[in-house]
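I have placed the structure first, in the form of structure tokens, so that the comments after it can refer back to it.
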Amino acid sequence: MAKTYHVGGMSCGGCVKSVSNAITAKDPTARFSVDLPSGTIRMESDMVEAAVIAAITGAGFEFKGLRAG
Ligand SMILES: [Cu+2]
């Protein structure tokens, strides 16, 4: 099931690239899209939540919440 992660601190395409690289480093098969205007990452594949959150915070961004869909 898809999950949407809310992320604080993303302000440009470089931020999108940083967080994308961090997620891919943890799971090369991860399927996701990052939406800069809404500050969200929509995770389509079934990646462990803790790993996604660790990627977000490890890349220097703030994890603000998670919802299904
Ligand atoms: Cu940036």
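All of the numbers you see were taken from the coordinates with simple rules; none came from a lab. None of the values given here were measured: they were computed from a predicted structure. Cβ placement follows ideal geometry from the backbone for every residue including glycine, while neighbour counts extend to all protein chains displayed.
The calculated Kirkwood hydrodynamic radius for the chain is 11.5 Å, given to one decimal from all distinct C-alpha pairs. Sparse packing (at most 16 other Cβ atoms within 10 Å of the Cβ) combined with a DSSP loop state is found for the following GluC sites (Glu not before Pro) in the chain: Glu44.
Seen from Lys3, the other residues with C-beta closer than 11 Å to its C-beta sum to a net charge of -1, counting Lys and Arg as +1 and Asp and Glu as -1.
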